[in-house]
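Bear in mind these aren't lab numbers, they're just calculated from the coordinates by the rules spelled out. Just so we're clear, the structure is a prediction, and the values are computed from it rather than from any experiment. Positions of Cβ are backbone-derived with ideal geometry, glycine not excepted, and every protein chain shown enters the neighbour counts.
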Amino acid sequence: MISILKDKKIVIGVTGSIACYKVVDLASKLTQAGALVDVILTEAAQQFVTPLTFRSVTGRPAFTDMWALDEHVRHVGLGESADLLIVAPATAHTMAKLAHGLADNLLTVTALAARCPILIAPAMDGGMYENPATQENVKTLKSRGFHFAGPTTGRMASGLSGLGRMLEPAELFAQVRLAIAKQTGELVGKKVVVTAGPTREALDPVRFISNRSTGKQGFAVAQAALDAGADVTLIHGPVSLQVPMGATAVPVTTTHEMAEATISAVEDIDALFMVAAVADFRPETKSDQKIKKTDQQWGMAIALEKTLDILSSVKTKREKTGSPKVVLGFAAETQDAFTYGRSKLLRKGLNFIAVNDVTAQGGGFEVDTNRIILLSSAGVVDEMPLLSKTAVAERLVHHVAQALGS
Ligand code: CTP
């Protein structure tokens, strides 16, 4: 279940392309995420896939016939009450009809009557997409506020390769999620920067000092901010996670790189979520070559120096510019979490600190859950039970949105 998709009414208009089979998967994914998915198939679409296929994955009737008793009236209503209409796959022919306001089947009638945003996922072979007639229609539709997802370049059913391949279901799913977020989210129109993951400090070309952060909590915060409709920049250290679609990713390695990226990204933004587990120390010297074993058996030492405290630099900058308006930090603690957390909040000039006892059962690094106490200078804001990192992220984003007055 995905919170922002729960009970959202999504109409999928399916037109006649072999890419239909992928849209069955999209309908299934959206249904599993909690959306109410109604499908309309054109006659050509039914050459490739049946209404029963969609009914089976959505648990709701799939519609085909404009002339069936009541259907016309009902589906003008369907378009009016939907949160989003996605036409996928959208053939050149249907796009031409939509551009010219034709209403000769249930899908085009619904599209013409729709009050919600319409997302078009084109799918066509050969040079059809690049044909000036199609391009003119795309331009017209975009100028009237239709949104486009794809197409992309790749192999097409004919065996040709070119521009016209429909996006994959997972990508379309992410586009639907973004489109819904931009309508209803608490952070629509807000700019947010999230840092995530560890940083690494090299000893030599093959060894480094780092920590156990996997980036899961930071990436979940980035996704939650996207779900709230924000423009999100995600500055992240080395992790093996997929960047949420819609976020602008800035990959970095060292604390110094993260500091530079963060300080330049917070120029004119609403909120900074500093979730990264930043390396606090780095070797005083980095060897250009791999350090070799010597005969020395004991007493080997690495001289360390402190790295820059990114939040303290942000604080100095913020005092001059007023940006970010709200700053949330994390405190990873192994003892006296509350006391240390509170002193970091004050020292680093934060609005909120998410105190995280990384030794608590189910919380901290390398797990999917976390136990967080959110503090402000006024005291405890939210003492969370053990929650998934996704749920923690949603709650943090909500508190920040409230502080921004959203
Ligand atoms: N942080 C930072 N720059 C650093 C280290 C940490 O901006 N060089 C940020 C973290 O991203 C986090 C907050 O400061 O949001 C607290 O990080 P934490 O590691 O808990 O605290 P430290 O300041 O490093 O203090 P200590 O290591 O003494 O606990």
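Among Tyr129, Tyr21, Tyr340, which comes first, second and so on when ranked by fewest other beta-carbon atoms within 10 Å?
Working: Tyr129 22, Tyr21 13, Tyr340 17.
Going from least to most buried by this count: Tyr21, Tyr340, Tyr129.
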message: Restricting to DSSP H runs of at least four residues, report the calculated mean residue ellipticity at 222 nm for the chain, -39500 (n - 2.57) per run over all residues, nearest 500 deg cm²/dmol.
response: -10500 deg cm²/dmol
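Take every Cα pair under 8 Å in the chain that's 6+ residues apart, average their separations, divide by the length, and report that relative contact order as a whole percent. Walk me through the intermediate numbers first.
Numbers: 896 pairs, mean separation 43.4, N = 406.
Reported as a whole number, the value is 11 percent.
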statement: Taking GluC sites (Glu not before Pro) as exposed when in a DSSP loop with at most 13 other Cβ atoms inside 10 Å, the chain has its longest clean stretch at 131-266
statement: So the pair-distance distribution of the chain, from every Cα-Cα distance in 10 Å bins, comes to percents of 5, 20, 25, 19, 16, 11, 4, 1, 0, 0
field: Between 0 and 90°, nearest 10: helix 71-81 axis offset from the chain longest Cα axis
entry: 20 degrees
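By count of other Cβ within 10 Å, fewest leading, how are Trp67, Trp298 ordered?
Working: Trp67 8, Trp298 4.
Least to most surrounded, the residues fall as Trp298, Trp67.
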- line: Shape descriptors of region 3-181 over alpha-carbon atoms, Rg and Dmax in angstrom, are 14.9, 43
statement: Here the net charge surrounding Val266, from other residues whose Cβ is less than 14 Å away from its Cβ (Lys, Arg +1; Asp, Glu -1), is +2
statement: Kirkwood calc, region 230-372, C-alpha pairs only, radius in angstrom 17.4 Å
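Would you mind ranking Arg212, Arg342 so that the residue whose beta carbon has the fewest other beta carbons within 10 Å leads the list? Don't jump to the answer; show the numbers that get you there.
Details: Arg212 11, Arg342 20.
Listed from fewest to most nearby Cβ atoms, that is Arg212, Arg342.
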field: Low-density loop positions, trypsin sites (Lys or Arg not before Pro), region 144-201 - DSSP coil, at most 12 other Cβ in 10 Å
entry: Arg144
